[in-house]
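First comes the structure, then the notes that go with it.
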Amino acid sequence: MLEVANVTKKFGGMTAIDCLSLKAEDNMILSIIGPNGAGKTTLFSLISGYLKPTSGDIILNGETITKLPPSRICKKGITRTFQIVQPFMNLNVLENIVIGALNWAGTIAEAKDYSLHILEKVQLIDKKDRLANTLTLAGKKRLELARAIATKPTVLMLDEVMAGLNKVEGKQLMDLIEKIHIDQKMTILVIEHVLNIVMRLSDKIIVLNYGEKIAEGSPEEISHDQRTIEAYLGRRKVC
């Protein structure tokens, strides 16, 4: 489904992503974890076309998409959310989602019908006429998720969608993501710092540190990986 092949991204003298390779298979949930500054969001920006690699390629279904702009990549089937929610604040909830659906819909009416269907899925249908800027943070997170889903992606990238939510809100959103994954049968890439969520959601986990992949495996394997433990907790002192 998706392959990152030997990708490096440099910003001047700083290497944010260092010769990284990964594969996400069809209909899997792949989590990207690592400490702050590990290069996780940079990776998402490279895959979605907001940044271009210094070297290496991004491949979707056997087609190299490295040089395509974000709009073309979205039409190919990759979409993302952002750490800081970015709804169109002065449009209502339904209009926000219609904009996502226009990625593929031939008419406004078609986009609107599908958007109403998505609103039911994310439990925002009762707020469809409210301005986006009146929603709570949890509501804006659901709206951001709904707008991404409305583009009909085959690869959905979620960048810290749980950030800022309390435990109840986080669990509700996690349950929703699991339901969407089952219903929509899409590949999902997740960046998340809450490790119990990562362990529950993921089929596979990749660990980044200073732009390098230091571990890859199942949740069980990653939970016992020494390099992962050191990256998060620091190397233990030996007395």
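The values are calculated or read from the model by the stated rules, or taken from the named source; none is laboratory data. If you're wondering where the values come from, they're calculated on a predicted model, not measured in any experiment. All Cβ positions, even for glycine, are placed from backbone atoms using ideal geometry, and neighbour counts span all protein chains on display.
Before moving on, here are some points about what is shown:
- Tabulated pairs, the stretch 27-45, first over 23 Å from I180 (Cα atoms), second modelled with pLDDT of 95 or more and of a type in the set (G, A, S), C-beta under 7 angstrom, 6+ apart or interchain: G39/A16; T42/A16
- Criterion: among the aliphatic types (A, V, I, L, M) and in contact with a Lys or Arg (Cβ under 8 Å, 6 or more places away or on another chain) - qualifying residue of L189, L195, L208, L145: L208
- In the stretch 175-201, the residues that are touching a residue at least 40 places away in the same chain (Cβ under 8 Å) and among the polar types (S, T, N, Q) never reach a residue that is in a helix (DSSP H, G or I) and buried (at least 20 other Cβ atoms within 10 Å of the Cβ) with C-beta atoms less than 9 angstrom apart, at least six apart or across chains.
- Looking at the stretch 3-106, the strands (runs of 3 or more DSSP E) lying wholly inside it that each contain 1 or more residues that are at pLDDT 95 or above and farther than 18 Å from E216 by Cβ sit at 14-24, 55-60, 78-80.
- Test: residue in the stretch 42-62 that is closer than 21 Å to A138 by Cβ and not acidic (D, E): no
- Within the stretch 89-115, the set of residues being loosely packed, with under 15 Cβ neighbours inside 10 Å and within 23 Å of T136 (Cα to Cα) comprises M89, N90.
- Any hit, the stretch 127-144, residues being in a helix (DSSP H, G or I), free of Cβ contacts under 8 Å to residues at least 24 places away in the same chain, acidic (D, E) and on the phi < 0 side of the Ramachandran plot: no
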